[in-house]
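Novice: Okay, here's the structure, questions in a sec.
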Amino acid sequence: MARFRARPMSTFDVINPATESTIGSVASHSLEETDRVIEKAALAFESWRKVSPGDRARLLRRFADLVDTHQEELAQLEVANAGHTISNARWEAGNVRDVLNYYAGAPERHSGLQIPVEGGINVTFHEPLGVVGIIVPWNFPMPIASWGFAPALAAGNAVVLKPAEITPLSALRLGELALEAGLPEGVFNVITGSGSIVGWRFVTHEKVAKVCFTGSTDVGSRIMAGCADQVKRVTLELGGKSANVIFADTDIEMAASRAPGGVFDNAGQDCCARSRILVERSVYEKFLEHFESAVTGFVVGDPQLETTEMGPLVSDEQRRIVESYVPEGAPIAFQGNCPTGPGFWFPPTVLAPVSPTDRAVREEIFGPVVVVLPFEDEADAISIANNTPFGLSGSIWTENLGRALRVARGIDSGNLSVNSHSSVRYWTPFGGFKQSGIGRELGPDALDAFSDVKNVFISSES
Ligand code: NAP
Ligand code: MG
């Protein structure tokens, strides 16, 4: 890992959360170094924006191909650095490849309008913004980075990317692969360092035209306020407290067997985690019975093993935060297993019955802790699901199609699934209602978030 050490400067250690061993040392960039990279990106932007759409597409496709041939290496980096299970990490590296390929198809298709007007025509252009600053959290370092940089680059922007301090390795490797693919020097830059120095500089530096932030609602709202000073464009993907709503008419055994995957995947460190399970009262006990065997059977352990379903939490700090939601005397209905010894382990934990005012019901935990609450009818289910400042994701389990549609329309959330827990497909839009964010990522319209519309009138009369 020594190759990540650029030159003598302040550094921080990178820890394997499953073993607590140090696996590398990465530069912590200063304000001056951050400014230098932003200036370099601003310069590179001037030529990148002029690269023909077809050539930009070809370079992004080459980048995607290199990610594909390095899929296993990237996945192994994420297992070691973030404790992701190997099967998840392979999916994540594959997702970066797919996102790059999808947006590699976009540059030639990002066309404007021609609008007939009296005395000539109006034509519109999608102009790139300039340097786009992308700030990424530690929970899904690779996919979240690519949801920003792939459409940003496709639209003709230069990118400065700041991974979370504790999970920088995969982003650094992607930066190397971009260069190897032939992207011009300065177009795609990875800057490691702390949020308050490197990340905040994206907000204050006048040559960063947009900030694309994924992380906590707390930091996100400060970034939005900071961006207001320069009327800087901003996209925010923030926290969640999503509901998994289970109606009595569904196959309860099946819904119970699928519920752990909806909340404990990535050890619950998922903004889309269905961390509130709402169950129709008539089947509440029956659900808990089946859910108990699913939770105790959930395989927690060495993330390198393909049979493992859940690894450790990302850091000791995160484990302490999660533990605070399960204090002495907490209403634990049942818990799964986890390894003892080194590693930031926490077992899958189910809280029930639990008061609706409990912190664990109201706040995002970002760990493998779920609350189970009963509801009376459809209206009650929608009202409980919406009783949160968040609105990111959620699931609805019912055999009744009309009810599925009514409840899906009733829940104030950006991404819902019926009889499934999947939230993310790169070709469909993703983002949050309410305090879960502003703007959308992925899907066919993502380039619009990385460009401004220019309207030009051409007179036919002079
Ligand atoms: P976080 O503390 O908000 O940090 C996210 C990123 O912002 C990190 O790179 C962090 O850098 C940086 N940062 C921190 N303070 C900053 C500042 N003052 N200015 C600029 N950047 C700053 O969030 P986290 O603890 O990493 O991640 C967990 C949160 O992310 C959860 O709330 C989760 O719901 C949310 N999340 C949302 C989505 C979504 O798509 N909606 C996806 C994933 C995660 P350093 O940590 O390196 O200092
Ligand atoms: Mg943080």
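Novice: Need the failing condition index for S257 against (1) open to solvent by 10 Å² or more (accessible area, probe 1.4 Å); (2) touching a Ser or Thr at 6+ places or on another chain (Cβ under 9 Å); (3) within 16 Å of ligand 2 (Cβ to nearest atom), just the number.
Specialist: (3)
Novice: Mind counting the residues in region 174-188 that are open to solvent by 30 Å² or more (accessible area, probe 1.4 Å) and not in a loop (DSSP other than H, G, I, E, B)?
Specialist: 3
Novice: Here is a follow-up. So is A89 in a helix (DSSP H, G or I) and more than 15 Å from the chain's Cα centre (by Cα) or not?
Specialist: no
Novice: So, of the residues in region 205-227 that are of a type in the set (V, I, T) and more than 7 Å from ligand 1 (Cβ to nearest atom), which turns out to be nearest to G239 (Cα to Cα)?
Specialist: V211
Novice: Only one residue in A352, A360 is within 23 Å of E317 (Cβ to Cβ) and among the hydrophobic types (A, V, I, L, M, F, W, C). Which one?
Specialist: A360
Novice: Give the number of residues within region 204-220 that are within 16 Å of ligand 2 (Cβ to nearest atom) and either in contact with a Phe, Trp or Tyr (Cβ under 8 Å, 6 or more places away or on another chain) or in contact (Cβ under 8 Å) with a residue 40 or more places away in the chain (or both).
Specialist: 7
Novice: Could you list, in sequence order, the residues of region 409-436 that are in contact (Cβ under 8 Å) with a residue 60 or more places away in the chain and in contact with a helix residue (DSSP H, G or I) (Cβ under 7 Å, 6 or more places away or on another chain)?
Specialist: Passing the criteria: I411, H421, Y426, W427, Q435.
Novice: Could you please give the count of residues in region 228-243 that are farther than 30 Å from E399 by Cβ and more than 11 Å from ligand 1 (Cβ to nearest atom)? Even if it seems obvious, please write down each step before you answer.
Specialist: At the first step, the residues of region 228-243 found to be farther than 30 Å from E399 by Cβ are 228-239.
Right, trim to more than 11 Å from ligand 1 (Cβ to nearest atom) and you get 228-234.
Number of matching residues: 7.
Novice: So in region 391-401, with the set limited to residues that are farther than 16 Å from V279 by Cβ and open to solvent by less than 30 Å² (accessible area, probe 1.4 Å), which one is farthest from the chain's Cα centre (by Cα)?
Specialist: G391
Novice: Please list, ordered by first then second residue, the pairs with beta carbon atoms under 8 Å, 6 or more apart or interchain, first in region 226-238 and under 18 Å from W138 (Cα atoms) and within 16 Å of ligand 2 (Cβ to nearest atom), second open to solvent by less than 40 Å² (accessible area, probe 1.4 Å) and of a type in the set (F, W, Y).
Specialist: What qualifies is L236/F213; E237/F213; E237/F430; L238/F390.
Novice: Take G182 and decide whether it is at positive phi and in the same structural domain as A145 (by TED's automatic domain parsing).
Specialist: Taking the combined requirement at face value, the residue satisfies it.
Table: residues versus (1) within 15 Å of the chain's Cα centre (by Cα); (2) closer than 14 Å to G394 by Cβ; (3) surrounded by fewer than 24 Cβ atoms within 10 Å (Cβ to Cβ).
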| site | (1), (2), (3) |
| --- | --- |
| S216 | yes, no, yes |
| G226 | no, no, yes |
| V245 | no, yes, no |
| E280 | no, no, yes |
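Novice: A follow-up question, please. Go through region 129-156 and give me each residue that's among the small types (G, A, S) and within 14 Å of ligand 1 (Cβ to nearest atom).
Specialist: G133, A145, S146, G148
Novice: Any idea which of S170, S194 is of a type in the set (S, T, Y), away from ligand 1 (no atom under 11 Å from the Cβ) and within 22 Å of P17 (Cβ to Cβ)?
Specialist: The match here is S170.
Novice: Restricting to region 423-435, name every residue that is surrounded by fewer than 16 Cβ atoms within 10 Å (Cβ to Cβ) and among the aromatic types (F, W, Y).
Specialist: Matches in region 423-435: W427 only.
Novice: When you go through R320, R274 one by one, which is the residue that is in contact (Cβ under 8 Å) with a residue 24 or more places away in the chain and either exposed (fewer than 14 other Cβ atoms within 10 Å of the Cβ) or at negative phi (or both)? Step through it out loud before you land on a result.
Specialist: On the way: R320 fails: in contact (Cβ under 8 Å) with a residue 24 or more places away in the chain.
None of the other options fit; the residue is R274.
Novice: Within region 436-448, take every residue that is within 12 Å of ligand 1 (Cβ to nearest atom) and surrounded by fewer than 20 Cβ atoms within 10 Å (Cβ to Cβ) and give me the one that is farthest from E127 (Cα to Cα).
Specialist: Among those that are within 12 Å of ligand 1 (Cβ to nearest atom) and surrounded by fewer than 20 Cβ atoms within 10 Å (Cβ to Cβ), it is I438.
The values are calculated or read from the model by the stated rules, or taken from the named source; none is laboratory data. Since we're looking at a predicted model, the values are computed, not measured. Quick reminder, even Gly has a Cβ in these numbers, built from the backbone with ideal geometry, and neighbours come from all protein chains shown. These area figures cover heavy atoms from the full protein model, side chains too; ligands, DNA and RNA do not enter into them. Shrake-Rupley method; radii C 1.70, N 1.55, O 1.52, S 1.80 Å.
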